[in-house]
Structure formats: structure tokens, C-alpha cells
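The values are calculated or read from the model by the stated rules, or taken from the named source; none is laboratory data. Treat the numbers as computed from the prediction; the structure is a model and nothing was measured. Don't worry about glycine lacking a Cβ; one is built from the backbone with ideal geometry, like all the others, and counts go over all protein chains shown. Heads up: the accessible areas ignore ligands, DNA and RNA and are worked out on the full protein's heavy atoms, side chains in. Shrake-Rupley method; radii C 1.70, N 1.55, O 1.52, S 1.80 Å.
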Amino acid sequence: MIYAPILVAVVYAFSGVANAFQQQSSSSYNRPVSLSRQAESYLPHSSAIMPKNLRNQGSLLRVATSISGTDKATNAMMKQIDQKISKYEKEQAKYMTKVETAKAELEKFQATKQRYLQGTDINEDEAPSFSETTSRSLVKSMMWRVIAGSVTFFTSLRFSGSISTALSIVGSDFFSKAATMFIGERLMNKSQAGRKSGADDIGRSLAKALLWRLFAIANTLTMSYLIAKNLSMASKIAGSDAIFKTGLMFVYERVWAKIEWGKEYLIEFSI
């Protein structure tokens, strides 16, 4: 009879252990999600358990992709820089050449000036040659046209008696004669004949006046006849123009011979 209480105690103990084990198991299955995630955060990253050779290949792939994305922009930028460098190297070479040329010319002029100051190259029988600039020829031509046009206007008005006819004769050849005289000035400028003491002499001025008047008379006669339709009137206009304007142009040339503006002296170097 003593075994019955002992058996009851053993059974009761085993049932308590079973209940406790069952409660522990159910609590583990009902664990909160936050605890699960917290536990998972302590797990090693996949890259940590990835083989070392595979991890290196992945890193190289990411770097290569990043570099290839910037290669085009970098190459374009470098190309532009090279173009700029090439451009300014060429400009530098060009200006260096100009500087060297200017330096050589400066030295020649300085040496020539010293010789002239010392009197070694001065020859009283020979005057320095010169050339007229394009601006000088242009101004001479336009100023003469204004003067000559005014004379032609009054001459035409005197013989035609009509202001409209006089204006038509003057306006018809104003620019054509100005252009023709400009061309004549440039052609005459190629010759040094009659240029003494740094200016045109009287013979050169007279020759220029006569040559120009021959052309101008023919031009005025033609235009006067075409406008007035009267050969006698056209002859009177051209004839009176010829006599007065020839003398006037000679005086005009002598005045310009004394003007230094627009002259470029041709300096001879003997280095």
C-alpha cells in the first residue's frame, strides 16, 4: 500500500514537466515579428558568406560600369581641351612671328635714322621717294568732284537756263567721274616721275591736270548732249568747263603737293 502514494507523486511530476514543456514550445511559435527581425539583423550578410573570388568579381563589375558611364564625357572634354591648346599654340606662333618681324623693322629704322642724323646717307641731288595712301587718293577724288561739280552746275545753268537740266548733268556723272579719278590717282601713284623734294613738281601736276581734263571733257560733252539733246549747247558747256577747270585743277594739284597727310616715304636700307 505504500507504493500507491509514490506512484501518484511520480505521475503528478511527469504531468507538470509535460505542461511546462508545452507552454515553452507555444511561446516560441508566437514570437513577435520585431523580435524575429531583430534576430535576423544579427545574421551575416550574403556578401559575407559569399566566396571571396565572387565578391571581388562583383566589385570590379560595379567599378567598371561606373567608369564606362563617364568615359564619353571625359573623352569629349579632353578633346575640347586639346583643340584649345592647339588653337592658342598656333596663335602664339603667329604673333611671335609678327613680333620678330616688327623687331627687325624697328632695328632697321633706328639704324637708318642714325645714319640720316649723322649725314652719311643724305644726298642733296636725290629726294626721298614717296607713295600716296589709298585714303589720300580717295579724299582728293571726292573733294575735286565737289569743286568741279559746282563749276559744271553753274556752267550748265548759264547755257541751258534750266536748273533741272543743270542738276541732271552734274548728277549723271558725279560718282562715275569720282571713281575714274580715284583709279587714275592710283595708277599715277605707281610712277615716281616728277616727284622731287618729297612732293610732285610743277610738270607732274600739269601733266595730271591735262590728262584728266581730256577724259572729263569727253565725258561732260557726252552727258550734256544726251540730257539737253542739243549739240551746240553741249559743246559750249564742255568747252567752257575745259578752259576753267584745267587751270583750277592745276592749282588743286599744287595745293595737294604741299600737304604731307597720306604720304608714305620709301626709305632705302643699306644694311
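Per-structure values
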{"quantity": "Thr246 - accessible surface, heavy atoms, 1.4 Å probe, Å² rounded to 10", "calculated": "30 Å²"}
{"quantity": "In order through region 187-196: 3J(HN,Hα) via Karplus (6.51 cos²θ - 1.76 cosθ + 1.60), integer Hz, x for Gly, Pro", "calculated": "5, 5, 5, 6, 9, 9, 5, x, 10, 10"}
{"quantity": "Phe130 long-range amide H proximity, modeled H, under 5 Å", "calculated": "Leu266"}
{"quantity": "Whole-Hz ³J(HN,Hα) from phi, Karplus 6.51 cos²θ - 1.76 cosθ + 1.60, for region 235-241, glycine and proline x", "calculated": "5, 5, 5, 5, x, 5, 4"}
{"quantity": "Ranked order, Met143, Met223 - accessible area, probe 1.4 Å, largest first", "calculated": "Met143, Met223"}
{"quantity": "Under-5 Å amide H pairs with Lys196, H placed in peptide plane, nonlocal only", "calculated": "Asp201"}
{"quantity": "Pairs from Lys98/Lys263; Lys113/Lys140; Lys196/Lys236; Lys177/Lys229; Lys140/Lys245; Lys108/Lys190 whose Cα-Cα separation, in the structure shown, is over 27 Å", "calculated": "Lys113/Lys140; Lys196/Lys236"}
{"quantity": "Estimated inter-spin distance, Lys258 and Arg158, nm [label 7 Å along Cα→Cβ]", "calculated": "2.7 nm"}
{"quantity": "Sorted largest first, extent of region 163-271 alpha carbons per principal axis (Å)", "calculated": "65, 22, 19"}
{"quantity": "From the C-alpha gyration tensor of region 207-271, square roots of 5λ in Å", "calculated": "37, 12, 9"}
{"quantity": "Mean Cα-pair separation over length for region 212-263, i.e. relative contact order, pairs under 8 Å, 6 or more apart, %", "calculated": "32 percent"}
{"quantity": "Set of lysines with alpha-carbon distance to Lys79 below 18 Å, sequence-local pairs under 8 removed", "calculated": "Lys87, Lys90"}
{"quantity": "Rg/Rh ratio calculated on Cα atoms of region 138-227 (Kirkwood radius)", "calculated": "1.05"}
{"quantity": "Accessible area in the full protein assembly, largest first, 1.4 Å probe, for Ile202, Ile243", "calculated": "Ile243, Ile202"}
{"quantity": "Region 150-201, accessible area per residue, ligands and nucleic acids excluded (1.4 Å, Å²)", "calculated": "53 Å²"}
{"quantity": "Förster radius 51 Å - calculated FRET efficiency between Asp71 and Met96, Cβ distance, rounded to 0.05", "calculated": "0.85"}
{"quantity": "Reachable lysines, given that their alpha-carbon falls under 21 Å from the alpha-carbon of Lys94 and they are not under 8 places away in the same chain", "calculated": "Lys84, Lys103"}
